[in-house]
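To keep things clear, I will list the structure first and then write my remarks on it.
The values are calculated or read from the model by the stated rules, or taken from the named source; none is laboratory data. Owing to the predicted nature of the structure, the values given are computational and were not obtained by experimental measurement. So basically every Cβ, Gly included, is an ideal-geometry build from the backbone, and we count neighbours across all protein chains shown. Just so you know, the surface numbers come from the protein's heavy atoms only, side chains and all, with ligands and any DNA or RNA stripped out. Shrake-Rupley method; radii C 1.70, N 1.55, O 1.52, S 1.80 Å.
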Amino acid sequence: MGDEIKRVGRELIHKGAIIDVYTDHMEFSNGHHADWDFIHHDGAAAVVPVLPDGRILMVRQFRNALDRETLEIPAGKLDASDEPGCACASRELEEETGYRSEQLEWLITLRTTVAFCDEKIEIYVAENLEPSRQNLDEDEFVDVKAYTLEQLKEKIYSGVIQDSKTVAALLAYEAKYLRQ
């Protein structure tokens, strides 16, 4: 199938702080041409922080794209495209929740919107959490609260939690760690 479609050009439309937007000029084996949108993102990492009692730390924060607050697992953009996901997840855990862990284990890798974006999110599980200090960015306002997995699943299935990385991470965590 790859022989039927070929990118013959890429034009940068917008260079942003988080994403770059391109128009890709495509050519098809039947002679047709089309322009496709492409969004580049350097990548991100996220973490499922598990307290000793099994509750999971979640962050509530405002998301401009939805014009409302969301409930999510801690996550953030890689500082550089070659930054290891584990290092980013560890940093975001401490920055957003005020906890740290020396025990992060890879859980899953997500490609969030494969139709038009190359964003990749590495998701980890953090256990043996140690209290530290929250260190938010100047434009970041985050509330942290612990929930049981059952409470979080209720929030997923009632539509309260809609963030794809959070839904995938919580359900993967349950499948890998709790269904034995």
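Looking at segment 106-126 only, could you name the residues that are of a type outside the set (Ser, Thr, Tyr) and touching a helix residue (DSSP H, G or I) at 6+ places or on another chain (Cβ under 9 Å)? Spell out how you get there, then give the answer.
Initially, segment 106-126 is screened for residues of a type outside the set (Ser, Thr, Tyr), giving 106-108, 110-111, 114-123, 125-126.
Once the filter is applied, which keeps residues that are of a type outside the set (Ser, Thr, Tyr) and touching a helix residue (DSSP H, G or I) at 6+ places or on another chain (Cβ under 9 Å), segment 106-126 yields 106, 107, 108, 110, 120, 121, 122, 123, 125, 126.
Across segment 146-159, what is the total count of residues that are surrounded by 12 or more Cβ atoms within 10 Å (Cβ to Cβ) and either assigned to a loop (DSSP other than H, G, I, E, B) or small (Gly, Ala, Ser) (or both)?
2
Yes or no: residue 35 without any contact (Cβ under 8 Å) to a residue 60 or more places away in the chain, in a helix (DSSP H, G or I) and either of a type outside the set (Lys, Arg) or open to solvent by less than 60 Å² (accessible area, probe 1.4 Å) (or both)? Talk me through it step by step, then tell me what you get.
Working: without any contact (Cβ under 8 Å) to a residue 60 or more places away in the chain: yes; in a helix (DSSP H, G or I): no; either of a type outside the set (Lys, Arg) or open to solvent by less than 60 Å² (accessible area, probe 1.4 Å) (or both): yes.
In short, no.
Mind counting the residues in segment 1-32 that are part of a strand (DSSP E or B) and over 21 Å from residue 120 (Cβ atoms)?
Selection size over segment 1-32: 11.
So which residues in segment 54-78 are over 14 Å from the mean Cα position of the chain (by Cα) and free of Cβ contacts under 8 Å to residues at least 40 places away in the same chain?
64, 65, 66, 67, 68, 69
Out of everything in segment 124-145 that is surrounded by 13 or more Cβ atoms within 10 Å (Cβ to Cβ) and touching a Gly at 6+ places or on another chain (Cβ under 8 Å), what residue ends up being farthest from residue 46 (Cα to Cα)?
Applying the filter and picking the extreme gives 132.
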